[in-house]
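Have a look at the structure below before the remarks.
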Amino acid sequence: MYDKALINGKIYFKSGWQYQNIYIEGEKIALISDQLLPAKEIIDVLGYEVLPGVIDPHVHFELDLGFIKSVDDFYSGSVAAAYGGVTSYVDFLEPVDNVEDLEKAFYHRLSLAKKSVVDYHFHACIKNPKGDLEVFVKKMKALGMNTLKLFTTYSDSNRRTYDPEIIELLELSKKYHFLIMAHIENDDLITLDPKFTYRDLLKSRPQISETTEALKLAEYTRQTGGWMYMVHLSSGKTLEALIQNYPDILNQHFFIESCPQYFSFTNEVLNKHDGYLYTFAPPLRSAHEKDLLLYHQDAVYTIGTDHCAFMKKDKDQLTLAKTPLGIGGIEHALGVMRYHLKDQTIDKMTKRVAYTQSLRSKGEISEGFDADLVVFKPDNSMKVHGNHGTCDYSVYENHPSAGQVISTILRGQFVIKDGEFVGGKGQWIKGSDFH
């Protein structure tokens, strides 16, 4: 007798839909079958869809910017995540420039994350590094991480990593089987004028800064045979340029992540009276660039939210320099992205994320995998309403959604059941080698 059975569901299985029953034993999916078999708990999901648990590869809980901290901690952020069908996420260690601080950053973040109600993993994060990069990589892997975040900008806060080190890290990524996560903007084309307001965000961080830097790093990736993952691609022009110039490595060695905000809004919202609420980096782009992003959606490999929430009062500043950049979005990403990309969304938020993040037992409804499941009610007439995180607003309020998460199951246990939070205990997931 199985522990649980989800019966009569339309399940997302092998990148398509089938009517099957799912049987859970302990934390794992034990059987997928059209037979009706005995189980201690039977959950009838007739009329609903059953998806793999969403994995968000890009979140910032308790992010300390020095002058302010993002408002969702690992508890409130993970509760919001669960309401959005997210069963695992990958946050970031504090950026460090040496191996000793890497280990300290790991254990500090691990202590903060223990209150998470869903599973979690971390990206190591490097800034303007000092010392032996190979030693740094070996320590990162010994700690169970196989992704390393770097920035090509933010030289003003000493977070930028420069080209010689990027090339060396790409060579090391090939040798040690890890993935470089890169925030890609050309630092020399970014203008940090202290008089700029939020309406000047595109003047501060123009589209050309993203496109030129992405093409340069794609070339480095091709030359070295290394592995790179571009976080939060914002512009369809950047994507089109990569498709035209690097089709041989795109999503083979140079992976593309984009975010719901770039599919949902254009830079016109920055002209609204509350345009400061839509400030993040890289910024929103033109309607043409958004249309290009939708047109080339097949070339977007994964979707991450870049969830980094701040309160209204903290975003409402006189100058851009004092405005914390970032928005929330983890709770609404699945419904919003399914509205934009239909079923193509699912692999981009589950299976492909598990692959790039080397989370081998996650991301698919498959026998032997973790029983991470989302019960979803499809409804194209829905709009986003409300928020379960700490933040006092959502840019997605009243945005069309493809439906609603009814229940979220993590390793065989309900975290959200029939729309209500019932508790959960997340755990650290160790990554495998990237290959």
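The values are calculated or read from the model by the stated rules, or taken from the named source; none is laboratory data. Here the structure is a predicted model, which is why all the values come from computation and not from measurement. Virtual Cβ from ideal backbone geometry, glycine too; neighbours counted across all protein chains shown.
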Requested in this report: Collect the residues in the range 197-247 that are among the aromatic types (Phe, Trp, Tyr) and either modelled with pLDDT under 95 or closer than 21 Å to residue 173 by Cβ (or both), keeping them in residue-number order.
Outcome: 220, 227, 229, 246
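Suppose we filter 379, 418, 433 for residues that are surrounded by fewer than 24 Cβ atoms within 10 Å (Cβ to Cβ) and at positive phi; which single one remains? Steps first, answer last, please.
On the way: 379 fails: at positive phi; 433 fails: at positive phi.
Unique residue meeting the criteria: 418.
Pick out the one residue from 314, 306 that is closer than 22 Å to residue 75 by Cβ, charged (D, E, K, R), touching a strand residue (DSSP E or B) at 6+ places or on another chain (Cβ under 6 Å) and in contact (Cβ under 8 Å) with a residue 12 or more places away in the chain. Write out each step before concluding.
On the way: 314 fails: touching a strand residue (DSSP E or B) at 6+ places or on another chain (Cβ under 6 Å).
Of 314, 306, the one residue that is closer than 22 Å to residue 75 by Cβ, charged (D, E, K, R), touching a strand residue (DSSP E or B) at 6+ places or on another chain (Cβ under 6 Å) and in contact (Cβ under 8 Å) with a residue 12 or more places away in the chain is 306.
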**Report entry** Residues (closer than 20 Å to residue 340 by Cβ, part of a loop (DSSP other than H, G, I, E, B) and modelled with pLDDT of 95 or more) located in the range 376-396
**Finding:** 379, 381, 382, 384, 385, 394, 395, 396
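Out of the residues in the range 363-376 that are small (Gly, Ala, Ser) and within 21 Å of residue 90 (Cα to Cα), state the one that is surrounded by the fewest Cβ atoms within 10 Å (Cβ to Cβ).
Of the range 363-376, the ones small (Gly, Ala, Ser) are 363, 366, 368, 371.
If we keep only those that are within 21 Å of residue 90 (Cα to Cα) too, we end up with 363, 371.
Working: 363: 26, 371: 24.
Here the answer is 371.
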Query raised in the report: Taking the range 42-60 only, how many residues are surrounded by 24 or more Cβ atoms within 10 Å (Cβ to Cβ), within 12 Å of the chain's Cα centre (by Cα) and either modelled with pLDDT under 95 or in a loop (DSSP other than H, G, I, E, B) (or both)?
Result: 2
Query - Qualifying residues in the range 71-104 (those that are touching a Pro at 6+ places or on another chain (Cβ under 8 Å) and either under 19 Å from residue 180 (Cβ atoms) or not aromatic (Phe, Trp, Tyr) (or both)) - the one surrounded by the most Cβ atoms within 10 Å (Cβ to Cβ) - result: 90
Report task. Please find, within the range 9-26, the residue that is modelled with the highest pLDDT out of those that are assigned to a loop (DSSP other than H, G, I, E, B) and exposed (fewer than 15 other Cβ atoms within 10 Å of the Cβ). Result -> 26
